[in-house]
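Only one structure is covered here, and it is reproduced in the block below.
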């Protein structure tokens, strides 16, 4: 049974600095010559970009519902076979959501390092520490780390407030040179953060002086048989848009396409690159098309190649921002309207507040495909949905899925390994 030191970085809420600490810790151990494998709890595209920069390896999602318990176990066991340290960044607060980061930690016996933002706080830090440590008997708290600390005296007060049965892991001082900037969908993309590598390195150096720098105890992970799937996409060439406008891609999705036998080729609509020659199918992922609308609109060569691909009856799968790109226009939150590719009838509008959030899934003749939705836009269209996603914990109707000619489009981000047959059908243009 493979074993590896492992730690889940959690906290009482979002905004505590979990990504900063996880990235710094990964960099610290990588600098010491260790192989570090990092995972992110729940569906997320932005944090993994930063964590990949720090660890030097792709960051996979772990979620007991979306990814599935068996697949999570397989991913962790595979990582334990090759890594010297496994780090898992939690999502939201430690106990938030169903399933939560705590559920994941409990299921696989991974201890939790709790990061708590101590800004505008003193002895209450101890109460929060106590609550996190004792809320659930099946969750092991490795210790607590204070973040955003104002001074040495502030750190001393925080440490003195922590109950004696809870390990004090140290503190990080508040610093604009370390903090990671945010925008409406969360953190900025890794390539957009000024001096990201320097920020991660500064965090690593600061953590080197804390007890968190010590390797946690080893965790044993039960080995799982590799996922066996037919080569149903053998010989296919799948083009994938990938740049700052289209970057919300699960690494596991690309891995599945390759396991199914497909060859993957990337191109950048932002750079006005055409769909690669010989592409049998096209994937337009989510991202931030609203931030690059003018550049996308000026990319006539890229748009023309996508229209030609559709005119040839070749499959196009478009998720969230990729779907918005195919509409007639996109209006930003300031009311500025920009024409898009125009393959799908309809308009999209950006809003200041969330319009869609949460886990969702789609039924098909192959079974259920899990996924999630997270968007600030709305769209109006005359298209009739072919089907709707459903929500696992609600009777409310989920996101619509549209099918027009060879195009399949939806706001839902699918986790394709949850249903390889459905994923293959999407790119072969078949019924599902």
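For beta carbons closer than 6 Å, sequence separation of 6+ or different chains, a first residue in segment 132-144 that is touching a residue at least 40 places away in the same chain (Cβ under 8 Å) and in the same structural domain as residue 105 (by TED's automatic domain parsing) and a second that is surrounded by fewer than 22 Cβ atoms within 10 Å (Cβ to Cβ) and part of a helix (DSSP H, G or I), the qualifying pairs are 139/106. The condition (being touching a residue at least 24 places away in the same chain (Cβ under 8 Å), buried (at least 19 other Cβ atoms within 10 Å of the Cβ) and in the same structural domain as residue 114 (by TED's automatic domain parsing)) is satisfied by just one residue among 23, 70: 23. Considering 113, 146, 133, 106, which residue is in contact with a strand residue (DSSP E or B) (Cβ under 9 Å, 6 or more places away or on another chain), closer than 29 Å to residue 163 by Cβ and not in a strand (DSSP E or B)? Of 113, 146, 133, 106, the one residue that is in contact with a strand residue (DSSP E or B) (Cβ under 9 Å, 6 or more places away or on another chain), closer than 29 Å to residue 163 by Cβ and not in a strand (DSSP E or B) is 133.
Scanning segment 131-155 for residues that are exposed (fewer than 12 other Cβ atoms within 10 Å of the Cβ) and over 31 Å from the mean Cα position of the chain (by Cα) turns up 151, 152, 153. If you go through segment 28-39 and keep only what is more than 22 Å from residue 250 (Cα to Cα), out of contact with any strand residue (DSSP E or B) (no Cβ under 6 Å at 6 or more places or on another chain), in contact (Cβ under 8 Å) with a residue 24 or more places away in the chain and surrounded by fewer than 24 Cβ atoms within 10 Å (Cβ to Cβ), you end up with just 31. Report yes if residue 127 is surrounded by 23 or more Cβ atoms within 10 Å (Cβ to Cβ), more than 14 Å from residue 10 (Cβ to Cβ), in the same structural domain as residue 196 (by TED's automatic domain parsing) and without any contact (Cβ under 8 Å) to a residue 60 or more places away in the chain, otherwise no. So residue 127 fails the test.
The values are calculated or read from the model by the stated rules, or taken from the named source; none is laboratory data. Treat the numbers as computed from the prediction; the structure is a model and nothing was measured. As a convention, Cβ positions derive from the backbone with ideal geometry for all residues, glycine included, and neighbour counts pool all protein chains shown.
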